[in-house]
1. Near A:Ala116, within a Cβ-to-Cβ distance under 15 Å, what is the net charge of the other residues, with Lys and Arg +1 and Asp and Glu -1?
2. Let me have the 222 nm mean residue ellipticity of chain A computed from DSSP H runs of 4+ only, each contributing -39500 (n - 2.57), with the sum over all residues rounded to the nearest 500.
3. With a bin width of 10 angstrom, please list the P(r) values of the range B:97-222 as percents of all Cα-Cα pairs, from the 0 bin to the one holding the largest distance.
4. Using the alpha carbon gyration tensor of chain C, what are the three equivalent-ellipsoid semi-axes (square root of 5 times each eigenvalue), largest first, in whole Å?
5. Could you state, as a whole-number percent, how many of the C-alpha pairs of the range A:101-144 are farther apart than 16 Å?
6. Residues of the range A:172-209 with backbone nitrogen within less than 13 Å of a virtual label 7 Å along the Cα-to-Cβ line of A:Ala116, please, listed as ranges.
7. If the cut-off is a Cα-Cα distance under 23 Å, which lysines reach A:Lys147, setting aside same-chain residues fewer than 8 apart in sequence?
8. Using +1 at the Cβ of each Lys and Arg and -1 at the Cβ of each Asp and Glu in the range D:53-114, identify which of D:His83, D:Ala106, D:Ala66 lies farthest towards the dipole's positive end.
4 protein chains.
Amino acid sequence: MAHPGDVSALGALMASGQVDPRGIRAVIGKTEGNGGINDFTRGFFTQSLMLLLAEKTGEDRATLTAHIPCVLSGGTEGALSPHYLVFSVAPGEGARGLALGTAFSAPVPNAAIGRAAQVASVADAVRAAMEQAGIADPEDVALVQVKAPAGQGGDAAARTPDGRRLMALSRAAAAFGVGVALGDIDPDAATEAAMLTDLALFTHRASISSGVEVVANEVVVFGHAPGWAAGLSIGVAPMRDLLDLEGAAAAFRAAGGRVAGVIAKGEPDMSGRIRGQRHTMLGDTDIDAQRHLRGALGAIVSALAGDGRVFVSGGAEHQGPPGGGLVCVFAESS
Amino acid sequence: MAHPGDVSALGALMASGQVDPRGIRAVIGKTEGNGGINDFTRGFFTQSLMLLLAEKTGEDRATLTAHIPCVLSGGTEGALSPHYLVFSVAPGEGARGLALGTAFSAPVPNAAIGRAAQVASVADAVRAAMEQAGIADPEDVALVQVKAPAGQGGDAAARTPDGRRLMALSRAAAAFGVGVALGDIDPDAATEAAMLTDLALFTHRASISSGVEVVANEVVVFGHAPGWAAGLSIGVAPMRDLLDLEGAAAAFRAAGGRVAGVIAKGEPDMSGRIRGQRHTMLGDTDIDAQRHLRGALGAIVSALAGDGRVFVSGGAEHQGPPGGGLVCVFAESS
Amino acid sequence: MAHPGDVSALGALMASGQVDPRGIRAVIGKTEGNGGINDFTRGFFTQSLMLLLAEKTGEDRATLTAHIPCVLSGGTEGALSPHYLVFSVAPGEGARGLALGTAFSAPVPNAAIGRAAQVASVADAVRAAMEQAGIADPEDVALVQVKAPAGQGGDAAARTPDGRRLMALSRAAAAFGVGVALGDIDPDAATEAAMLTDLALFTHRASISSGVEVVANEVVVFGHAPGWAAGLSIGVAPMRDLLDLEGAAAAFRAAGGRVAGVIAKGEPDMSGRIRGQRHTMLGDTDIDAQRHLRGALGAIVSALAGDGRVFVSGGAEHQGPPGGGLVCVFAESS
Amino acid sequence: MAHPGDVSALGALMASGQVDPRGIRAVIGKTEGNGGINDFTRGFFTQSLMLLLAEKTGEDRATLTAHIPCVLSGGTEGALSPHYLVFSVAPGEGARGLALGTAFSAPVPNAAIGRAAQVASVADAVRAAMEQAGIADPEDVALVQVKAPAGQGGDAAARTPDGRRLMALSRAAAAFGVGVALGDIDPDAATEAAMLTDLALFTHRASISSGVEVVANEVVVFGHAPGWAAGLSIGVAPMRDLLDLEGAAAAFRAAGGRVAGVIAKGEPDMSGRIRGQRHTMLGDTDIDAQRHLRGALGAIVSALAGDGRVFVSGGAEHQGPPGGGLVCVFAESS
């Protein structure tokens, strides 16, 4: 991936027959933007990907964009390397294995971002994606990855005029939606008032990004269900804080096998301290706190993986304990 | 350390008698600036420290500044925490233990930065510091920490008009000086032409920072010698690349005991790749490559230490293999 | 001014007898930091200045710091040049001329920043400074420059945990204090709820900076009064928006004479548009909106002055119409 | 233009018949990226524009991309507003008026960037574009706008491994090519050694941007020739330094009429000073010097235009005197 519009590697895999364009269900990737409200590398990648898929499948771009979740996180700070994971399925696959389901909510108007309506919308999408995957029991869900909309331009009806805060509220609402659908968060507690304030409310099984390049909640559910091929495993473990090397290592151990992809979420500790020592991420005028976070978390997880191709996303509100996060490892059986 | 001018914690230790102001030999610390040519947090800290020492010792600031190395590195990206290590000695200490020696070269004119004269000047200072420490054999040196000048303002006589490059040339010359003094680098190879170009020339035992706030090469030598108290140990190990978690862990194992301080050096791999995967540190218009590097390396070493108070400095030219670095751990026997 | 700790030019003027150290009443300057909560160039300059004044006057630093307002704004983006204006008085001066008065409020605890108590505190300090200057009628005040505290570290009692917002609230409270003292803002309207929300409330005669390096509201009043020498004039004019070249030029015309110093305040238009066209200052993840603003406003005013030594400060909340600002020019009669 | 991929305004003009898609000859615009080597907003816009044109004209994207210069400059710092100028022609137009010609060179391999081959290639393209426009005499050329390639990824054959420097060398070579074609620069002086060093070599009639999103030199020539409609005028004037308000104003006066578009080029003065005062653009670790420059120059020119839609591009090497630049104004007769 030479730049955010470069999907030539996937094109080559399709040309050689190794990937069936019609089997692609979801794409999760990192692009080398700043990860903020003015990061357009995500939109550039999505447009380029959908152009390629349209050419290869004959379907039109709008249809593809509305059915294949393309979850991008900008920011490849430090050791991180731009890359994308392509999740595809083939017919006639096996017994009980790693299951995948996707769903899109209806488009979320700016005024609904970070509100109860978005929570319900995400919860419904999670349930739809579980059904598609054939996962009946929420306990069988390993991770839910969501890309949530961050609002398109200043809208007087939006819950806040602050773009960064609207991105965070969207993540909070989506995390609540996942938590409610999985039974990890009490629906009565998942209120608008609790978003970004009651940080004790969280689910370990959600990884949420938000961005201006999507208009609906795009949901990908990973878990275990009958009717899926063996050969791929998933390991998920929480990190209790940014320096929790053991927590991160546990996810690699749980997955076993050869690492095929890694997802990590984290958060600059809002107390301003990590294990009692002052950090300077929150008050830096020149580098955004999430860029600091991704560089630090990304390096720790990349060092464990021995590879910079790790999907690291900041903004882990309600996706783990305050200041903590999670690591999810996909591995191939050897 | 609430801000770069805050030396109140050291003041309190002096007031309580735990630290003798006259025993202080060197200070090594991290301040929360950007680490670049326009980072003035280092000068602010030095001024504040010397004001405190002048008050407590009765000596004048200029004299103290010219005799106590104050090696600061700006930039506490990611998990890093602003802090400073104070190295002090007390009379009547023991048999063979962790030895410390310091030396200042003569002031380095701008025109001499990054030139052969600076190499010789650093090598002489290293020998003087070894003698002060009582270390006769270069093999007994564990690490040499240098703060080298980066030039004061645009000077037509300087080797380059590019401030960042002049900082790098100063680090290269100082690394050559250390390598020559320790026998790690062939004096005939340590030429001006080889600086920043022949990256196969390096010593594992040098940690160099450069900055506009010093005018001479300030040298601190750590090693082992008779006449020093037991109780403190030092472990140094190279990192072969930024993701070399095992290399970093080896320094912690070598030191043993309770961690009292950590120094790490690293470098964005100039090939643009780490273990074959593209990184984006070098071409980022918005975040300086050294800031990326410190955030990533700092997180890995902090995760191992379980503490963000790690002295991490970028710019490891000739201080390890290209793209690699070193970790040095001070520990107290338990 | 070679760097933020360089006060050698003032030292030379004192050494040559051109400036009497005991006549200095206030210093207003720009340092080359980022202007944000983590800009320590302001504190470095203040410490350096007070060291110089202590040496030259024999008074101690703490006393000087508590009596001489040192109003610094970080950030010399674009065409701006680091510099400081020194305001001093001499006995036996003339009839009616440019008058100067200063005052410090009591220290402002973190919990009081951006609250009614700060408004009252600033208003009282303005009145005290007017009295010192001999200005009886608020109509004779041309400009009030305030440096207001921004809070020292995270304090649970603070009105907001967001450092940038606390800086803005401090500026808002100080602007309200000036407006109330001068009769430009109705005291009943200057409530906590109105801060940063009712942007129609403003005074054209306030220029407010906030920063972590001060603990009290430091106030400098400029105006006209009997008993002051002729020879210096002041021109103040509002800018209705960032592109209001005519407004800025009016201040230069009003001052007449040879430009001796310039103060400008401005604000990124919170509507996201300037004269109907979208600007991108507010949503930029990589460059702080105030840095954008200072670079733009500074260039316009510097182009008019023909000199980059312009004190430009962002954060003009309640100091002019939304998105607008003011320019103040000091000039010497020819 | 809501974001860099938003070409809906042009789409609407085509839908309403106000713009004939087949008449479009060139597009010049500003996108809200960082303007550096890792600015992908330019590529995103180009892809989006060509998708629209392909849909409207029925031609394929590759053909359109290879024939319609799309000259984008990233970076809308400060008062600047993202926008694009669409230059189109219609048959049967008048006598002597504003003429336009375009040309593409052959693709420039990385190894040829900043070398004599690129100079010749640009000069040939300028001559071809003049011929297309019907301009026989170089004196009738008002301005040549070039988008030059900046290299695609690290290439060992490239003249320098430093991405920023390669961008600058590409601009230098293109400026030399324009100067040679117009007779403003002596061909014998326009050597590789003179690039970025002999700054006394320049043409006032070149505006060059470089970027990774183009592979050939894309040239647009503006001037006067028979056979073009009246109604549009062009005014070009040099700025002798960044604060040259009069120089910039002269271009507006020369154009007369209602402003329809503005192009400006400038450069951070490499001496580190503007009119004797130190600026801090070159040594800032956090904000790229070109971002500083665009914010400052853009504000001055926008203030004169009364509109932030100004194409401002940094990197004016050999396009004006050192530290200076040029302003070009397109105006409609009233």
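1. Details: positive: A:Arg115, A:Arg159; negative: A:Asp124, A:Asp186, A:Asp188, A:Glu192, A:Asp198.
Around A:Ala116, the charge tally is -3.
2. On the way: 7 runs with 98 residues, N = 334.
Computed ellipticity for chain A at 222 nm equals -9500 deg cm²/dmol.
3. So the P(r) values, bin by bin, are 15, 49, 29, 6, 0.
4. On the way: eigenvalues 148, 101, 89 Å².
Calculated on Cα positions only, the semi-axes equal 27, 22, 21 Å.
5. Numbers: 367 of 946 pairs.
Here the long-distance tail beyond 16 Å is 39 percent of all Cα pairs in the range A:101-144.
6. Under 13 Å, as judged by backbone N against the label point of A:Ala116, lie A:187-194 of the range A:172-209.
7. The qualifying lysines are A:Lys30, A:Lys265.
8. D:Ala106
The values are calculated or read from the model by the stated rules, or taken from the named source; none is laboratory data. Worth saying up front: this structure is predicted, and the values here are computed from it rather than measured. All Cβ positions, even for glycine, are placed from backbone atoms using ideal geometry, and neighbour counts span all protein chains on display. With ligands, DNA and RNA removed, areas are computed over all heavy atoms of the protein, side chains included. Shrake-Rupley method; radii C 1.70, N 1.55, O 1.52, S 1.80 Å.
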